[in-house]
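Asker: Have a look at this one before I ask anything.
The values are calculated or read from the model by the stated rules, or taken from the named source; none is laboratory data. Predicted, not measured: the structure shown is a model, and the values here were computed from it. Cβ: placed from backbone, ideal geometry, glycine included. Neighbour counts: every protein chain shown. In case anyone asks, the SASA skips ligands and DNA or RNA and just uses the protein heavy atoms, side chains included. Shrake-Rupley method; radii C 1.70, N 1.55, O 1.52, S 1.80 Å.
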Amino acid sequence: MIGTPKQLIIKMLELDQDKIYEIKEYKKKRTRNQNSYYWELLNQLSKKLRIAPEELHYELIKKSCPFSEFLVPDEADLRAIEYYEERGKITKNNKLFKIIRVYVGSSKLDTVEMGILLDNLIEECKSQGIETMTPEELAKMRALENLKENKE
C-alpha cells in the first residue's frame, strides 16, 4: 500500500499480527516519457560518435547513477551483475578480493535519478550539436508527468 503515515497506520492495524512487514519511502519510478526520450537521444549520440549504444549507455550509467562498492572473492563469477567495474584488489585474512563498484541500472531509477541521467545525456548531445528539447520543453514534459501521476 502507498499512502500517508496516517493511512498506513490504519491499514497496519488490520494486518495479520503474526507476520513481519517492511515500510519504506515511496519514490516515483522513471516515466515512460523520460525513458523513451533517453533512448532516442542515446541512439542519435551513438550514431554521431560511432560508439555502440550499449557502451555509451554504460558510460552514462557510471557517470550518473547511484552505486555501492563491495568486496568479492577474486575468483567470483560476476556474470549476473549488469553494471559494475573493478576498482582494485585487496588481500584480507590471506585471501584475495576484488573491489567492485555496482551501479543501479536505468530500469531501477526513480524519476529524480532518471532526470540526472537524462540531463547528463542532454549535455553530451548538445556538445555534439544534436538538437534536444529546450529547458522549457523538458520542464513542461516533467510537469505533465507529475500531473498525470498525481491523478493516478
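Asker: Open to solvent by 90 Å² or more (accessible area, probe 1.4 Å), farther than 13 Å from GLN34 by Cβ, under 21 Å from the mean Cα position of the chain (by Cα) and free of Cβ contacts under 8 Å to residues at least 12 places away in the same chain: which single residue out of ARG50, ARG79 fits that description?
Answerer: The conditions single out ARG79.
Asker: Within the range 49-64, does at least one residue satisfy the condition of being touching a strand residue (DSSP E or B) at 6+ places or on another chain (Cβ under 7 Å), closer than 30 Å to GLU131 by Cβ and aliphatic (A, V, I, L, M)?
Answerer: Within the range 49-64, the subset touching a strand residue (DSSP E or B) at 6+ places or on another chain (Cβ under 7 Å) is 61-62.
Narrowing the set further to residues that are closer than 30 Å to GLU131 by Cβ leaves 61-62.
From what is left, the residues that are aliphatic (A, V, I, L, M) are 61.
Yes; the residues of the range 49-64 include at least one that is touching a strand residue (DSSP E or B) at 6+ places or on another chain (Cβ under 7 Å), closer than 30 Å to GLU131 by Cβ and aliphatic (A, V, I, L, M).
Asker: For residues that are open to solvent by 100 Å² or more (accessible area, probe 1.4 Å) and either among the aliphatic types (A, V, I, L, M) or at pLDDT below 85 (or both), tally how many sit in the range 10-30.
Answerer: Just the residues of the range 10-30 that are open to solvent by 100 Å² or more (accessible area, probe 1.4 Å), to begin with: 10, 13-14, 17-27, 29.
Still in the list and also either among the aliphatic types (A, V, I, L, M) or at pLDDT below 85 (or both): 10, 13, 20-27, 29.
So the answer is 11.
Asker: Scan the range 53-73 for residues that are over 25 Å from LYS126 (Cβ atoms) and exposed (fewer than 13 other Cβ atoms within 10 Å of the Cβ) and jot them down.
Answerer: Kept after step one, since they are over 25 Å from LYS126 (Cβ atoms), are these residues of the range 53-73: 67-73.
SER68, GLU69, PRO73, listed by residue number.
Asker: Still on this structure, please answer the following. Which one of ASN43, ASN94, ASN33 is surrounded by fewer than 17 Cβ atoms within 10 Å (Cβ to Cβ), within 23 Å of THR134 (Cβ to Cβ) and at pLDDT 95 or above? Step through it out loud before you land on a result.
Answerer: Values: ASN94 fails: within 23 Å of THR134 (Cβ to Cβ); ASN33 fails: at pLDDT 95 or above.
Answer to the selection: ASN43.
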